[in-house]
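What follows is a single structure, written as structure tokens, with notes after it.
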Amino acid sequence: MKVKHLVSSIILAFACIFSINAQENLNLTAPAISPAPLDPVELAGTGCYEFKIQNVNLPGYPNAGDTEIFIEMDNIMPPNGLADLSSNLGAGAYTWSYDAATNTYSGVQSGPIGFLYSETITVCFDVIANSFCPIEENGFTATGTIINGDDGNVTDNVASSFTCTCPFVDPGPGGEICEGESIELGASPAIIGGSSTTTIEWTPAAGLDDPTAENPIATPTETTTYTATISTPGFGCISSAEVTVTVNPLPTPDAGEYGPLCIDADPVALVGTPAGGTFSGMGVSGDMFDPAAAGEGTWTVTYDFTDENGCSASATADIIVNPLPTPDAGEYGPLCIDADPVALVGTPAGGTFSGMGVSGDMFDPAAAGEGTWTVTYDFTDENGCSASATTDIIVNPLPTPDAGEYGPLCIDADPVALVGTPAGGTFSGM
């Protein structure tokens, strides 16, 4: 006669929930981790689970004599292999064998089972891969089979099926940023299926605001692949995943060089490289700089450029706008038409005179003739800025006096009054 006992337990988020389908005298309890958990950072070590086989004294159920106890565990993927199986009754270590076709480990030992029989079996695992629980299977099933040695006909099968649910990490999509920018790592949430004891660590830590945060802010200076590793103390679960943040360099625009310019100069075309950016600043309209609109002084124009990666940078150019000089042509005359040529003196020195009667820096009233003549003084300063000043020179004609007519006179005549016109002149002679 066969009597089967099935006890199933599922560990979700590391909490055990029991569902008992049939109560007989034999059962295999759900596992509990033992001993203290592995260091979750290490990928090498040993972690153990404990199973308990119990025989409950039910009336009328026969005593079990010499009995073979089989323990089978499937879905344990190498290299997360089984390291040891032992019993607290000292019946000897189980000998494990692995069946690759069924992906099952099994062990067997013989021993008596009484009405109040209780045996604790410890199963230990080598943690040498990425996780205590196989990533592909994410769990395993342990089945205990007890064969009654008295009559050979009574077999009591007990099973404990549970899932070792290791959390896993979703590092997020990563992405591209521009040099100097930041990006948040990890999905939301980044830890899937974790518990309150699950921890996360991001490496490399350089450029992260908090390498132990679920969603750290990364500000890498170059393209970086980050590894997120989560672990859950007590289960030896270690899961890691990578995400790459591509750091695009900033463009290096050039705003060009211009000037110095005179305030009356024509607008200047602004040419930035690479092409496609925009200029801004005092006196700027589109890609033109108007010195008259800017006014005298030193003005900074900015060239903003965004490249094909969406990365932006700016360049500046200083443009000097110089004022015009303020020359003075001087003041001269009025001059008589028969006057000697007059030296022309302009300030600042170094300019040139032009106009009627001008030769070099001399004005000849006779060459100019009578009238009012405008003389121009053109001056260019050290900045190449030019301006002109003028002065008016009056050239007067000579007068036409009349000395009058007199005599003939006798030697003894009275003196005769001399009357010249226009009045106001002076007479002379014998």
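Quick grid of which residues meet (1) assigned to a loop (DSSP other than H, G, I, E, B); (2) farther than 26 Å from P323 by Cα:
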residue	(1), (2)
A366	no, yes
T372	no, yes
E382	yes, no
I394	no, yes
V416	yes, yes
G424	yes, yes
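Residue by residue, here is whether (1) within 21 Å of the chain's Cα centre (by Cα); (2) assigned to a loop (DSSP other than H, G, I, E, B); (3) surrounded by fewer than 16 Cβ atoms within 10 Å (Cβ to Cβ) holds:
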{"site": "P173", "(1), (2), (3)": "yes, yes, yes"}
{"site": "E176", "(1), (2), (3)": "yes, no, yes"}
{"site": "S196", "(1), (2), (3)": "no, yes, yes"}
{"site": "E201", "(1), (2), (3)": "no, no, no"}
{"site": "E214", "(1), (2), (3)": "yes, yes, no"}
{"site": "T227", "(1), (2), (3)": "yes, no, yes"}
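When G404 is tested against the conditions (1) at positive phi; (2) at pLDDT 95 or above, the lone failure is (2). Out of the residues in the range 152-181 that are within 17 Å of T225 (Cβ to Cβ) and in contact with a Ser or Thr (Cβ under 6 Å, 6 or more places away or on another chain), state the one that is modelled with the lowest pLDDT. Here the residue is V169.
If the condition is being surrounded by fewer than 18 Cβ atoms within 10 Å (Cβ to Cβ) and not aliphatic (A, V, I, L, M), then the range 291-311 contributes G295, E296, G297, T298, T300, T302, D304, T306, E308, N309, G310.
Summed over the range 329-366, the residues that are surrounded by 15 or more Cβ atoms within 10 Å (Cβ to Cβ) and aliphatic (A, V, I, L, M) give a count of 9. Is the range 347-360 home to any residue that is free of Cβ contacts under 8 Å to residues at least 40 places away in the same chain, within 60 Å of the chain's Cα centre (by Cα), more than 13 Å from S388 (Cα to Cα) and not in a loop (DSSP other than H, G, I, E, B)? The answer is no, given that none of the residues of the range 347-360 is free of Cβ contacts under 8 Å to residues at least 40 places away in the same chain, within 60 Å of the chain's Cα centre (by Cα), more than 13 Å from S388 (Cα to Cα) and not in a loop (DSSP other than H, G, I, E, B).
Out of the residues in the range 200-216 meeting the condition of being of a type in the set (A, V, I, L, M) and in contact with a strand residue (DSSP E or B) (Cβ under 6 Å, 6 or more places away or on another chain), tell me which one is nearest to T244 (Cα to Cα). Ranking the candidates gives L208 first.
Starting from residues that are surrounded by 12 or more Cβ atoms within 10 Å (Cβ to Cβ) and closer than 21 Å to V342 by Cα, keep the ones in the range 394-410 and report whichever is nearest to the chain's Cα centre (by Cα). The selected residue is I394. Considering the range 229-245, and only residues there that are modelled with pLDDT of 95 or more and aliphatic (A, V, I, L, M), the residue that is nearest to F168 (Cα to Cα) turns out to be V243. Screening S388 with (1) more than 30 Å from I320 (Cα to Cα); (2) in contact with a Phe, Trp or Tyr (Cβ under 8 Å, 6 or more places away or on another chain); (3) part of a strand (DSSP E or B) gives one miss only, at (1). In the range 299-313, the residues that are in contact (Cβ under 8 Å) with a residue 24 or more places away in the chain and acidic (D, E) form Cβ pairs under 6 Å with partners that are surrounded by fewer than 18 Cβ atoms within 10 Å (Cβ to Cβ) and assigned to a strand (DSSP E or B), at six or more places apart or across chains, as follows: D304/T278; D304/S314.
Might you let me know whether the range 357-372 holds any residue that is at pLDDT below 95, at positive phi and in contact with a Ser or Thr (Cβ under 9 Å, 6 or more places away or on another chain)? No: zero hits. Filtered by the rule that a residue be within 30 Å of E179 (Cα to Cα) and either part of a strand (DSSP E or B) or touching a residue at least 40 places away in the same chain (Cβ under 8 Å) (or both), the range 275-294 gives T278, F279, S280, V284. Scanning the range 295-313 for residues that are outside any loop (DSSP other than H, G, I, E, B) and within 35 Å of the chain's Cα centre (by Cα) returns T298, W299, T300, V301, T302, Y303, D304, F305, T306, S312, A313.
The values are calculated or read from the model by the stated rules, or taken from the named source; none is laboratory data. Because the structure is a prediction, the values reported are computed rather than measured. Note that we place each Cβ from the backbone using ideal geometry, even for glycine, and neighbour counts take in every protein chain shown.
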